[in-house]
Amino acid sequence: MVEDKTKVVIIGAGPAGLTAGVELLKDNGSEEYEVTILEASNMIGGISRTVNYKGNRMDMGGHRFFSKMPEVNKWWNDMLPVQGFLPKDDLALGRSSTVEKGGPDPEKEDKVMLKRNRISRILFNGKFYDYPITLKAETFKNMGFGTTIIAGCSYIKSMVFKRKENSLEDFYVNRIIYHVF
């Protein structure tokens, strides 16, 4: 007699949802689990997808992959090997990037993890700031004296008076400040 499989519903076909589905089904997991992934749109990838419109590839949202965990890096490298050649746009624009020896050519294969040099910034009151926030002269100049004093006092207050952790929000607020400054 075959026992019923455990039914698993994953909401969202972005990287996290797809990864969860793959992990559940590997190593004969399909014998134990019946996995259903629900996605609101008609495309997978969430905001991390790249669409092809009239031959132009466009990212739907800001996304990048970064991990310090070798196991996570290996998992993704197995799914999307890192580029072994510079893509056409890097060559045309004279941008430099690193390549992995033996990696695929992004001009010939779609299953490639592209390396990109990117910066993240915050737009606040019409001015850009580094993310994470850096304590440099430009930051103070952009914020102005008053806002800098208010932000500094708020930072000190958050360090001294931690939130009581009753929710995930409290947990994150108590820890995110360390990564911002």
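The values are calculated or read from the model by the stated rules, or taken from the named source; none is laboratory data. Model, not experiment: these values are computed from the prediction. Neighbour counts are summed over all protein chains in view; Cβ atoms, including those assigned to glycine, are modelled from backbone coordinates with ideal geometry. Only protein heavy atoms, including side chains, enter the accessible area calculation; ligands, DNA and RNA are left aside. Shrake-Rupley method; radii C 1.70, N 1.55, O 1.52, S 1.80 Å.
Run through the DSSP bridge list for the range 1-123 and note the antiparallel percent, rounded to the nearest 5.
Within the range 1-123, antiparallel bridges account for around 35 percent of the total.
Of the trypsin sites (Lys or Arg not before Pro) in the range 42-95, which ones lie in a loop per DSSP and count no more than 16 other C-beta atoms within 10 Å?
Hits after loop and neighbour filter: Lys54, Arg64, Lys68, Arg95.
Got a sec? What order do Thr139, Thr6, Thr148 fall in by accessible area at 1.4 Å, biggest, i.e. largest, first? If you can, show how the numbers build up before the last one.
Numbers: Thr139 10, Thr6 70, Thr148 30 Å².
Heavy-atom accessible area, descending, gives Thr6, Thr148, Thr139.
My understanding is that a pair violates if its Cα-Cα distance is over 22 Å; which of Lys74/Lys111; Lys88/Lys127; Lys88/Lys108; Lys54/Lys127 do that in this structure?
Distance filter (> 22 Å) returns Lys88/Lys127; Lys54/Lys127.
Can you give the percent of C-alpha pairs in the range 68-168 whose distance is more than 17 Å?
On the way: 3533 of 5050 pairs.
Within the range 68-168, distances greater than 17 Å cover 70 percent of Cα pairs.
Counting other Cβ atoms within 10 Å of each Cβ, which chymotrypsin sites (Phe, Trp or Tyr not before Pro) in the range 1-92 have at most 10 and sit in a DSSP loop? All intermediate terms of the calculation are to be shown ahead of the outcome.
Working: sites: Tyr33, Tyr53, Phe65, Phe66, Trp75, Trp76, Phe85; in loops: Phe65, Phe66, Phe85.
When the chymotrypsin sites (Phe, Trp or Tyr not before Pro) of the range 1-92 are filtered for loop state and at most 10 Cβ neighbours within 10 Å, Phe66 remain.
Report the extension gain between Glu107 and Glu34 in nm, rounded to one decimal, defined as 0.36 nm multiplied by the number of residues separating them, less their alpha carbon distance.
22.6 nm
Regarding the range 4-52, what's the average projected area of the Cα-atom convex hull, expressed in nm²? List each step's numbers first, then the result.
On the way: hull surface 15.1 nm².
Mean shadow area of the hull around the Cα atoms is 3.8 nm².
Can you list the aspartates and glutamates whose alpha carbon is less than 20 Å from that of Lys26, not counting same-chain residues fewer than 8 positions off?
Glu3, Asp4, Glu34, Glu71, Asp78
Taking one equal scatterer on every alpha-carbon of the range 116-181, how large is log10 of I(q)/I(0) by Debye at q = 0.13, 0.17, 0.25, 0.27 1/Å?
The Cα Debye sum returns log10 ratios of -0.45, -0.72, -1.14, -1.20.
For a quick check of your reading of the filter: which GluC sites (Glu not before Pro) in the range 125-174 sit in a DSSP loop and have no more than 15 other Cβ atoms within 10 Å? Intermediate results must be reported in sequence, preceding the final value.
Values: sites: Glu138, Glu165, Glu169; in loops: Glu165.
Passing both the DSSP loop test and the Cβ count: Glu165.
Computed FRET efficiency, Cβ-Cβ of Phe66 and Ala20, R0 22 Å: what is it to the nearest 0.05?
Details: r = 19 Å, r/R0 = 0.88.
Once the sixth-power term is evaluated, E becomes 0.70.
If you scale each eigenvalue of the Cα gyration tensor by 5 and take the root, what three semi-axes come out for the chain, rounded to whole angstrom and sorted largest first?
Over the Cα atoms of the chain, the semi-axes work out to 37, 28, 16 Å.
Relative to the longest principal axis of the C-alpha atoms of the chain, give the angle of the C-alpha long axis of helix 15-25, reported between 0 and 90° and rounded to the nearest 10°.
40 degrees
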